[in-house]
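As structure tokens, the structure follows; a few thoughts come after it.
The values are calculated or read from the model by the stated rules, or taken from the named source; none is laboratory data. Keep in mind that this is a model prediction, so the values were computed, not measured. Cβ atoms come from the backbone with ideal geometry, glycine included; neighbour counts cover every protein chain shown.
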């Protein structure tokens, strides 16, 4: 029998107690001042004691330095003494930069200086929530709904538009929101008001509107104004088709699929700041485009990229058949849970839209495989200069922790990581250090991505940006 280490157990109980005391502070900052407390870009809002401790452990694994709640708690306490405006404040970044600071400042002094942009005359005033409408309520629509309900302070989900269903349609749709075979239980309470065609989720009243034609809906009749409509159907992808959504009450349309023609394809973190204020129609591109473009940009910025090829091993999706049956596309008619299916991907060609300054040819292909969620992109690059594997990994680790792309790029060193480990990841992609290969000017990166939830998080970031409720992060990421 293995003896219990009393010191380790006591230390765990001490950290558990500190994490427990952090929860009400984090909640109050979020509720009263619209401050989201992060730890290396991971939100600590509404997290359990164990989740807070595990997030701190992640920092040790990735950053290579011990980070404990005993270190971050003083910075959290210091935040409570400040008159903060809406913002995101990263305790991990505060602790890391404080260790490197040699000016002898107290934690309180350093914290006040590091988040000065969120206080005093620079403080952003809390804005009224922006109305959001979901058009379509499938896999992405329901995950986006979960995120919108979670972020109810800045964005307010007012309505869902779906095609007319049969008996108990709204009850069945609410049930699909409440329980998900991949992503688990909804974190909160959901009730249904059938008489008024509403779903009430965590106190948010969401009107369910039945329509087969976007031009038939007057959103102002439901008290919705200046809203952003998120089209999750993919039925219309060009400007003409998506313009049908610009009805009374709708100000902008965001497509959760690659846009065609002159519709801007936006990858948050890479080109979202190029959206024109008067642009009413835009696309969030595809999940794979969001997965490969941020690390591709990071590699191009540091090493230059001459050419590349992306091979995606992609989970099956709803447009494939469960069993062999007719399908308009080649091969996708074959049973998705029983076969690997070679298919096409538009992600490589979409790179040019998101990275117009990248003077490199990127090709791509895809294989659908029998897993329901989480995919991997294998990105093979010819770089502009020679480098080493250690240098590339150190660089990408730093990008994931301190750069403006830290919400898009994650990093793992877990030697036994598999696809299911990344279900629920909020990053656009996760660099797997283990299989990374570098030989002179050739590099092969393995990028995991939750093609459902990670992509939905990118969609929300774009919507926050165009809504004016994407608040700055402190300390500011390194450029």
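How many residues are in contact with a helix residue (DSSP H, G or I) (Cβ under 7 Å, 6 or more places away or on another chain) and part of a strand (DSSP E or B) when one looks only at the range 186-208?
7
Going through 282, 255 one at a time, which residue ends up being buried (at least 24 other Cβ atoms within 10 Å of the Cβ) and farther than 24 Å from residue 391 by Cα? Can you show your working first?
Values: 282 fails: buried (at least 24 other Cβ atoms within 10 Å of the Cβ).
Selected residue: 255, the only one of 282, 255 that is buried (at least 24 other Cβ atoms within 10 Å of the Cβ) and farther than 24 Å from residue 391 by Cα.
Of all residues in the range 198-209 being more than 13 Å from residue 133 (Cα to Cα) and at pLDDT 95 or above, which is surrounded by the most Cβ atoms within 10 Å (Cβ to Cβ)?
For the range 198-209, the residue satisfying everything is 199.
For residue 403, work out the one condition from (1) under 22 Å from the mean Cα position of the chain (by Cα); (2) closer than 30 Å to residue 320 by Cβ it doesn't fulfil.
It fails just one condition, (2).
What residue, of 409, 430, is under 16 Å from residue 93 (Cβ atoms) and crowded, with 21+ Cβ neighbours inside 10 Å?
Numbers: 430 fails: under 16 Å from residue 93 (Cβ atoms).
Being under 16 Å from residue 93 (Cβ atoms) and crowded, with 21+ Cβ neighbours inside 10 Å holds for just one of 409, 430, which is 409.
If a residue must be buried (at least 17 other Cβ atoms within 10 Å of the Cβ) and either assigned to a strand (DSSP E or B) or more than 22 Å from the chain's Cα centre (by Cα) (or both), how many such residues does the range 261-279 contain?
Here the count works out to 1.
Return the residue satisfying two criteria in turn: it lies in the range 117-138 and is touching a residue at least 60 places away in the same chain (Cβ under 8 Å) and more than 23 Å from residue 250 (Cβ to Cβ), and of such residues it is surrounded by the most Cβ atoms within 10 Å (Cβ to Cβ). Steps first, please.
Step one: filter the range 117-138 for residues touching a residue at least 60 places away in the same chain (Cβ under 8 Å), giving 117-118, 124, 126-127, 129-138.
Imposing the further condition that a residue be more than 23 Å from residue 250 (Cβ to Cβ) reduces the set to 117-118, 124, 126.
Working: 117: 16, 118: 24, 124: 16, 126: 15.
This residue is 118.
Would you check if there is a residue in the range 241-256 being modelled with pLDDT of 95 or more, under 21 Å from the mean Cα position of the chain (by Cα) and part of a loop (DSSP other than H, G, I, E, B)?
yes
Keeping to the range 116-139, report how many residues are over 25 Å from residue 257 (Cα atoms) and either modelled with pLDDT under 85 or in a strand (DSSP E or B) (or both).
Going through the range 116-139 one residue at a time, the tally reaches 9.
Applying the selection to the range 154-164, what residues are more than 20 Å from the chain's Cα centre (by Cα) and surrounded by 13 or more Cβ atoms within 10 Å (Cβ to Cβ)?
Hits for the range 154-164 are 158, 159, 160, 161, 162.
Just name the residue that is modelled with the lowest pLDDT out of those in the range 302-347 that are in a loop (DSSP other than H, G, I, E, B) and touching a helix residue (DSSP H, G or I) at 6+ places or on another chain (Cβ under 7 Å).
Out of the qualifying residues, it is 345.
Of the residues in the range 66-115, how many are part of a helix (DSSP H, G or I) and exposed (fewer than 15 other Cβ atoms within 10 Å of the Cβ)?
Number of matching residues: 5.
Given the structure, is residue 173 in a helix (DSSP H, G or I) and closer than 21 Å to residue 459 by Cβ?
yes
Show the residue pairs that are 6+ apart or on different chains and have beta-carbon atoms under 7 Å apart, the first residue being within the range 200-220 and assigned by TED's automatic domain parsing to the domain that holds residue 244 and within 16 Å of residue 241 (Cα to Cα), the second being part of a helix (DSSP H, G or I) and modelled with pLDDT of 95 or more.
Listed pairs, sorted by first residue: 214/244; 214/245; 215/244.
Collect the residues in the range 280-301 that are in a strand (DSSP E or B) and touching a residue at least 60 places away in the same chain (Cβ under 8 Å), keeping them in residue-number order.
Correct list: 282 only.
Has the range 439-450 got any residue that is farther than 25 Å from residue 271 by Cβ, modelled with pLDDT of 95 or more and in contact with a helix residue (DSSP H, G or I) (Cβ under 9 Å, 6 or more places away or on another chain)?
Yes, some residue in the range 439-450 is farther than 25 Å from residue 271 by Cβ, modelled with pLDDT of 95 or more and in contact with a helix residue (DSSP H, G or I) (Cβ under 9 Å, 6 or more places away or on another chain).
Does residue 147 fit the bill of being assigned to a helix (DSSP H, G or I) and within 30 Å of residue 172 (Cβ to Cβ)?
Against the criterion (assigned to a helix (DSSP H, G or I) and within 30 Å of residue 172 (Cβ to Cβ)), residue 147 qualifies.
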